[in-house]
Amino acid sequence: MTYKAKTQYISGTILFLMALTFTAFNIYYLFFLILIFLLIFMSFELTIDDEKITYKTYIFAVPIYKKEVAPVRITELKLKRISWAKKCAVIKVIKGLNIRVISFQPETIYQDLIRYAKDNDVKVIKTKDYKILEKMH
């Protein structure tokens, strides 16, 4: 199944507009402005297959990063709470960057990740805060 997430447009747009009001103009300012503009239009995609998890990052629908992880390369799946009532999953891998799963739609992604981990004998760690969120939803 494929899950999608996007960056928060409102906070990114506010940051972009605040940067526009800055009066000193130099090359660092221009780089910062372009970076904020690109970050506003980022989107993410996570696909869970039987044999692998694929994580992709896009800017303007152009893929800029792709990572495929087989179950043997996953050391653990850590589920925790971030913010007030938001769930987060961190897929810890043997080599390379860990995959953070936040704000993906549909919300069933967390149950599917747990099922994937159990099917492939990956250790699942749930924090106390995450367990409280599970009871609430």
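Observations, loosely collected:
- Where both bridge residues fall in the chain, DSSP classifies roughly 90% of the beta bridges as antiparallel.
- Considering only Tyr65, Ile125, Leu46, the residue lying farthest towards the positive end of the dipole of the stretch 2-136 is Ile125, judged by Cα position with unit charges set on Cβ.
- Applying both filters, DSSP loop and at most 11 other Cβ atoms within 10 Å, to the chymotrypsin sites (Phe, Trp or Tyr not before Pro) of the stretch 35-86 gives Phe60, Trp84.
- Over all other residues within a Cβ to Cβ distance under 10 Å of Ile82, the charged ones net out to +4, with Lys and Arg as +1 and Asp and Glu as -1.
- Rounded to the nearest 20 debye, dipole of the stretch 2-136 from Cβ charges on Lys, Arg, Asp, Glu: 460 debye
- Distance between modelled label sites at Lys95 and Phe37, nm, 7 Å Cα→Cβ extension: 3.8 nm
- Straight-distance candidates among the lysines for linking to Lys6, with alpha-carbon spacing under 24 Å and chain neighbours fewer than 8 residues away dropped: Lys52, Lys56, Lys66, Lys67, Lys78, Lys80, Lys86, Lys87, Lys92.
- Local electrostatic count at Tyr58 - Lys and Arg +1, Asp and Glu -1, tallied over other residues with Cβ under 11 Å: +3
- Given their separation in residues at 0.36 nm each and the Cα-Cα distance between them, Arg115 and Thr57 gain 18.5 nm when the chain is fully extended.
- One entry in (i) 1.05; (ii) 1.00; (iii) 1.72 is Rg/Rh (Cα atoms, Kirkwood Rh) calculated from the shown coordinates; its label is (i).
Read the figures in this text as sums done on the coordinates, not as results from a lab. As the structure is a computational prediction, the values presented were derived from the model and not from experiment. Because the Cβ atoms are built from the backbone with ideal geometry, glycine has one as well, and the counts that use them run over all protein chains shown.
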